[in-house]
1. Before anything else, pin down the relative contact order of the range 4-57: Cα pairs under 8 Å, at least 6 apart, normalised by residue count, whole percent.
2. So how tilted is helix 4-21 from the main axis of the chain? Cα-based, degrees 0 to 90, rounded to 10.
3. In degrees between 0 and 90, to the nearest 10, how far off the longest principal axis of the chain does helix 43-57 point, with axes built from Cα atoms?
4. Given labels modelled 7 Å from the Cα in the Cβ direction, how far is it in nm from residue 65 to residue 50?
5. Among [x] 34, 11, 6; [y] 17, 13, 12; [z] 23, 12, 10, only one was calculated for this model; which label is it, if the read-out is semi-axes √(5λ) of the Cα gyration tensor in Å?
6. Express in nm, to one decimal, how much length is gained between residue 3 and residue 18 on full extension, taking 0.36 nm for each residue of separation and deducting their alpha carbon distance.
7. As I understand it, the value is the acute angle between the Cα axis of helix 25-38 and the longest principal axis of the Cα atoms of the chain; what does it come to in degrees, rounded to 10?
């Protein structure tokens with residue numbers, strides 16, 4: 001069973017991920033940041049904040065399928 005803290009993180013993360021997949025990166029980032037407010041060391045949420053920032057600066061192509069392609073190591 002998840003702790004109440006982790007349940008809240010999961011709810012924020014899932015909401016952010018749904019928005020991310022819809023290309024609503026600014027809104028998605030808000031939810032990932034809320035997850036980080038509850039659990040500052042949540043790695044997946046931190047990663048998606050970075051990805052949202054990337055896509056806000058460099059929007060993906062129209063045929064984007066939700067996959068993030070790394071271009072550097």
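1. 36
2. That works out to roughly 20 degrees.
3. So the helix axis and the longest Cα principal axis differ by about 30 degrees.
4. Each label point is offset 7 Å from its Cα along the Cβ direction, giving 2.4 nm.
5. Read-out from the structure maps to [z].
6. Length difference between fully extended and current span is 3.1 nm.
7. On a 0 to 90 degree scale, this one is about 30.
A short reminder: the numbers here are calculations on the coordinates, not readings from a lab. A quick note: this is a predicted structure, and the numbers were derived from the prediction, not measured. Every residue, glycine as well, gets a Cβ built from its backbone with ideal geometry; the counts of neighbours run over all protein chains shown.
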